[in-house]
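Heads up: the structure comes next, in structure tokens.
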Amino acid sequence: MSTLTSFVGVLFDGLAYGSLLFLIGIGLSVTMGLMNFINLAHGAFAMLGGYAAVIAMSRLGVPFIPALLVAFLASGAAGALLERVLYRRLYRATHLDQVLFTIGLTFMSIAAATYFFGPTQQPVQLPAFLTGQLHVLGLDLGTYRLFLMAMVVLVTVALVYLVERTRFGSQVRAAVDNQQAAVGLGINVERVFSITFALGSALAGLGGALGINVLGLDPTFPLKYMVYFLLVVAVGGAGTIRGPMIAALLLGVFDVAGKYYVPQVGAFVIYAVMVAMLLVFPAGLAGRRS
Amino acid sequence: MTRLPTLAWSKAEIAFWLVPVAAYFLFPHYLTLGSQVMIAGLFALSLDLILGYARIISLGHAAFFGLGAYTAGLLAKHGFGEPLSGLVLAAIVAAAAGWLTSFLIVRGHDLTRLMVTLGIGLMLFETANQWSSLTGGIDGLSGVEMKKIFGVYGFGLDGRTAYVYTLVVLFLIFNAARVLVRSPFGLSLKGIREGERRMPAIGASVWRKLVAVYTVGAGIAGVAGALLAQTTQFVGIDVFGFQRSADLMIMLVLGGTGYLYGALIGAAVFMILQDYLANLNPVYWQFWLGFLLVFLVLFARGGIVGALATLHRRWTRK
């Protein structure tokens, strides 16, 4: 393979990987921007979506595409429930409490996943039309990765529409910008919180299910990718869509390129990039919090 | 005029320090566990300075523990097995790393600090993992041979020397930390914890104090790591692991932040529970760890020492 096509291949894989990180991380960006809440357990919702899809397919015989919907709904429901019962108590708590609390939830989710599904990687059976490769302009592109990117583009368009064009979206934006003023205008900020939290969890679940054969799925998932999701938000800036998107795509490309071209350095590249980015942009690429 | 807090030892404190001395005679078969508990306690103490007093959230404090452990381990492996100089060098290396990284830490807010500490920890883990010619990689660093302390007391299999050595080091460093937090410097740290924006108004340089306490905390963590390497004569790559940083935070909040004693009590309870429960089933242990954290945050914010302090206040008021 020539250097150019291998470079394009790496770029393509990196973008697919990055769009997945974006899909999972966007919910975290919203909770952090909206509620100033550090949720280290966000990856657990993605894992839940992954397991929900696997079970729906293997035990209930649901096809792949509807199984994605199952993942979306299962994680959304879990997010809504946990927000109502637990998270809500900690919106005003210190960041330290939030960190400890969500690390606790992460550990519990890992133990529960190990108990119910065992410590091994979960396989996923893709439908025939999503396997194989497509030939585009003389390049071989993986069909599944193209599908993945198309899904993320669709979701992003829907999200941007939701945030920029609907009444609910303007309530979210108002609450992010100035919570007190939003309450003063009669916006039910608590309800906005609940819905966005559930939506963020649902998107994470969708990402977890879509990512089974890119990111893998085993009980350590929430810890293994915690840094990546946090990175998307910290580098991208909380509370926006564009910032995390750029950050996720950069992260995906750098990570794949690093592992392809300098495998002996391993994951080191990504952590170094992260620390450097945080130094240059302490508030994130599109940061809006002072 | 306000006076500085007293440095006199209360009866409860003296009784506390008699416990590890008594344990040496009462439980001769558990001395290895005892050393591990005290090392964890020293490590938690170093985090208490950073987190309990200066409120810097760190998810990567194991970085300094690991640097100390590898420094002491590598020195001993290559023929410089004298324990005390090993401790000092480990402290210097870890404190230097702490000083260098502190500039990244002090300028950010909570999320940035969390990410940077996490990132530095993971980078060091990756380095130790990839540089296996030096560190032994995933298999760990073996062949650590310690010389005798003062040329007299060798590290035997019964763990007696290791226990006494750890206890003496722990006590000396605890004492220094106790003086530190009761000094004007310690009081200004508390001031930063309670109101970071107001401290400059009374003429205190916040970032200089945070740099100082972060450096000291890193150095102490390095000593704890060195003690582990010297007493077990082995360094595993997990010294840099995220689990170690997370466990450390659990110990500290379990015991109670900002008391110094909380770190020691939390470490003791945690290690003894772990010794008992993790042997039953590691998966259950992780579940209970998570449950403990959630419970502590929701219902018992002060930890064990915080609860004792509340009880004590109620008792004396009546």
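No value in this document is a laboratory result; all are computed from the given coordinates. From a predicted model like this one, the values you see are computed outputs, not experimental measurements. A quick note on method: Cβ atoms are made from the backbone with ideal geometry, for glycine too, and the neighbour counts reach across all protein chains shown.
Comparing mean-square fluctuations of A:T196, A:T102, A:T94 from a GNM of chain A with C-alpha springs under 10 Å, the top value falls on A:T94. Couplings 3J(HN,Hα) of the range B:221-236, computed from phi: 4, x, 4, 4, x, 4, 4, 5, 4, 6, 7, 9, 6, 7, 10, x Hz, in residue order, whole Hz [Karplus 6.51 cos²θ - 1.76 cosθ + 1.60, θ = phi - 60°; x for Gly and Pro]. Of the three principal axes defined by the Cα atoms of the range B:1-127, the extents in descending order read 55, 45, 24 Å. A Förster distance of 60 Å, applied to the separation of the beta-carbon atoms of B:V152 and A:Q264, puts the FRET efficiency at 0.85.
Which aspartates and glutamates have a Cα less than 17 Å from the Cα of B:K77, not counting those fewer than 8 places away in the same chain? The qualifying aspartates and glutamates are B:D139, B:E145. The label-point distance for B:L26 and B:H78, in a model that sets each label 7 Å from Cα toward Cβ, rounds to 4.5 nm.
Largest first, the three principal axis extents of the alpha carbons in the protein assembly as shown are 76, 60, 46 Å in whole numbers. Evaluated over the Cα positions of chain A, the convex hull gives a direction-averaged projected area, one quarter of its surface, of 16.1 nm². Rg/Rh for the range B:136-181 stands at 1.14; both radii use Cα atoms, and Rh follows the Kirkwood definition. When peptides B:229-242, B:39-52 are sorted by average Cβ neighbour count within 10 Å, with the highest value leading, the order is B:39-52, B:229-242. Between A:Q133 and A:T143, the built amide H atoms are under 5 Å apart, and every one of these is 5 or more places off in sequence or on another chain.
The slack in the chain from B:L172 to B:W9, taken as 0.36 nm per residue of separation less the alpha-carbon distance, amounts to 57.3 nm. With the highest mean first, a sort of the peptides B:301-309, A:26-34 on other beta-carbon atoms found within 10 angstrom per residue produces A:26-34, B:301-309. Of the residues A:F101, B:F65, B:F287, B:F27, the one with the fewest other Cβ atoms within 10 Å heads the list, and the complete ranking is B:F27, B:F287, A:F101, B:F65.
For chain B, averaging the sequence separation of C-alpha pairs within contact (under 8 Å, six or more residues apart) and dividing by the residue count gives a relative contact order of 32 percent.
How much net charge surrounds B:P5 when only the other residues with a Cβ under 12 Å from the Cβ of B:P5 are counted, with Lys and Arg +1 and Asp and Glu -1? Net charge around B:P5: +4.
Straightening the chain between A:S170 and A:V136 buys 8.3 nm, computed as 0.36 nm per residue apart minus the Cα-Cα spacing.
Listed by chain and number, the lysines placed with their C-alpha closer than 20 angstrom to that of B:K190 are B:K209; residues fewer than eight positions away on the same chain are left out.
Among A:T143, A:T156, A:T220, determine the one that fluctuates most according to a GNM of chain A built with springs between C-alpha atoms less than 10 Å apart. In this elastic network of chain A, the residue with the biggest mean-square fluctuation among A:T143, A:T156, A:T220 is A:T143. Here the contact order of the range A:3-280, divided by its residue count and restricted to Cα pairs under 8 Å and six or more residues apart, works out to 41 percent.
Can you pull the Kirkwood radius for the range B:150-282, inverse mean 1/r over Cα pairs, to one decimal in Å? Across the range B:150-282, the inverse of the average 1/r is 17.2 Å. How many angstrom separate the Cα center of the range B:1-74 from the Cα center of the range B:223-269? After rounding, the separation between the Cα centres reads 8 Å. One quarter of the surface of the convex hull around the alpha-carbon atoms of the range B:11-317 equals 17.0 nm², the direction-averaged projected area. Across A:A53, A:A267, A:A198, mean-square fluctuation computed from a Gaussian network of chain A (C-alpha pairs under 10 Å connected) peaks at A:A267.
Each Cα pair of the range A:73-152 feeds into the Kirkwood radius, which the Stokes-Einstein equation turns, at 10 °C and 1.306 mPa s, into a diffusion coefficient of 95 µm²/s. Note on the range A:1-83: the alpha carbon radius of gyration divided by the globular reference 2.2 N^0.38 Å gives 1.40. Measuring nothing but alpha carbons in the range A:94-244 and taking Rh as the Kirkwood radius, the Rg to Rh ratio lands at 1.03.
Rg and Dmax, both from the Cα atoms of the range B:1-55 and both in Å, are 15.3, 52.
Put in order of Cβ neighbour count within 10 Å, fewest first, the listed residues B:K11, A:K224 become B:K11, A:K224. For the range A:183-240, what is the Kirkwood hydrodynamic radius in Å, using each pair of distinct C-alpha atoms? Hydrodynamic radius (Kirkwood, Cα only) of the range A:183-240 equals 13.5 Å. Per-residue mean of foreign Cβ neighbours for B:279-291 is 5 (Cβ atoms of other chains, 10 Å radius). Relative contact order for the range A:1-115: 28 percent, from Cα pairs under 8 Å spaced at least 6 residues apart, divided by residue count.
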